[in-house]
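**Q** Following this message is one structure expressed as C-alpha cells.
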Amino acid sequence: MSKIVKHKGVVYLCGQVGSGDTVTDQTTDCLSRIDALLKQAGTSKENILQATIWLANAEDFSEMNSVWDAWVPLGGAPARACGECKPTANHLKVEILITAAYGE
C-alpha cells in the first residue's frame, strides 16, 4: 500500500487512523498524520479537495466534527462525505481519506 500517490496535480492519501482512546483523540491524531503526509507530498490542508470520513459509530459524528471544524481552514472546507463502517480493528473509531491538489 502507498501512503501517498501523486498524479497530474492531485495527491491521494491512504486512509489515516489515529491513536487514542476517544473519538477526539483519534481524530486529532489522524488529522496530525494527514498534515504530515500532505507536507511530505508538497501541499497542505488548504488544498484539500475531498475528504471521506468513516466512523465506527455514527453517534460519534458530533465529537469527530468538532475536531474537524477546528482543523479545517476557515472558508476552505473541502467536499466531504461521512459514513458508518465497521473498522478493521476493534479499537479504531475514525478513518479519514483525503484527496488534495498540489503544485499550483
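**Q** Would a scan of the range 4-19 turn up a residue that is surrounded by 14 or more Cβ atoms within 10 Å (Cβ to Cβ), free of Cβ contacts under 8 Å to residues at least 24 places away in the same chain and of a type in the set (D, E, K, R)?
**A** no
**Q** Right, another one. Could you list all residues from the range 59-104 that are of a type in the set (Gly, Ala, Ser) and under 18 Å from residue 20 (Cα atoms)? Give the steps one after another, and end with the answer.
**A** As a first pass, look at the range 59-104 and keep what is of a type in the set (Gly, Ala, Ser): 62, 66, 70, 75-77, 79, 81, 83, 89, 100-101, 103.
Of everything in the range 59-104, those that are of a type in the set (Gly, Ala, Ser) and under 18 Å from residue 20 (Cα atoms) turn out to be 62, 66, 89.
**Q** Shifting gears a bit: For the range 20-37: of the residues being buried (at least 17 other Cβ atoms within 10 Å of the Cβ) and β-branched (Val, Ile, Thr), which is nearest to residue 95 (Cα to Cα)?
**A** The extreme case among them is 27.
**Q** If I filter the range 19-31 for residues that are among the hydroxyl-bearing types (Ser, Thr, Tyr), in a helix (DSSP H, G or I) and within 9 Å of the chain's Cα centre (by Cα), do I get at least one hit? Working first, answer last.
**A** First, pick out the residues of the range 19-31 that are among the hydroxyl-bearing types (Ser, Thr, Tyr): 19, 22, 24, 27-28.
Restricting the remaining residues to those that are in a helix (DSSP H, G or I) gives 24, 27-28.
Applying the additional criterion that residues be within 9 Å of the chain's Cα centre (by Cα) yields 27.
Within the range 19-31, one or more residues are among the hydroxyl-bearing types (Ser, Thr, Tyr), in a helix (DSSP H, G or I) and within 9 Å of the chain's Cα centre (by Cα).
**Q** Tell me which residues, restricted to the range 38-60, are surrounded by 16 or more Cβ atoms within 10 Å (Cβ to Cβ) and not hydroxyl-bearing (Ser, Thr, Tyr).
**A** 38, 41, 45, 47, 48, 51, 53, 54, 55, 56, 60 - these are the residues of the range 38-60 that are surrounded by 16 or more Cβ atoms within 10 Å (Cβ to Cβ) and not hydroxyl-bearing (Ser, Thr, Tyr).
**Q** In the range 47-77, which residue that is of a type in the set (Asp, Glu) and over 13 Å from the mean Cα position of the chain (by Cα) is farthest from residue 96 (Cα to Cα)? Talk me through it step by step, then tell me what you get.
**A** Here is the first cut: in the range 47-77, the ones of a type in the set (Asp, Glu) are 59-60, 63, 69.
Keeping just the survivors that are over 13 Å from the mean Cα position of the chain (by Cα) gives 59-60, 63.
Details: 59: 17, 60: 14, 63: 15 Å.
It comes out as 59.
**Q** Related question: Filter the range 62-93 down to the residues that are in contact with a helix residue (DSSP H, G or I) (Cβ under 8 Å, 6 or more places away or on another chain) and assigned to a loop (DSSP other than H, G, I, E, B), then identify the one that is surrounded by the fewest Cβ atoms within 10 Å (Cβ to Cβ).
**A** The qualifying residue surrounded by the fewest Cβ atoms within 10 Å (Cβ to Cβ) is 76.
**Q** Which of the residues that make up the range 52-72 are over 15 Å from residue 28 (Cα atoms) and either of a type outside the set (D, E, K, R) or in contact (Cβ under 8 Å) with a residue 24 or more places away in the chain (or both)? Working first, answer last.
**A** Residues of the range 52-72 over 15 Å from residue 28 (Cα atoms): 52, 56-59.
Scanning the range 52-72 gives 52, 56, 57, 58.
Quick note: the coordinates plus some simple rules give every number you see, no bench work behind them. Bear in mind that the values here come from a model prediction, so they are computed numbers and not experimental data. A quick note on method: Cβ atoms are made from the backbone with ideal geometry, for glycine too, and the neighbour counts reach across all protein chains shown.
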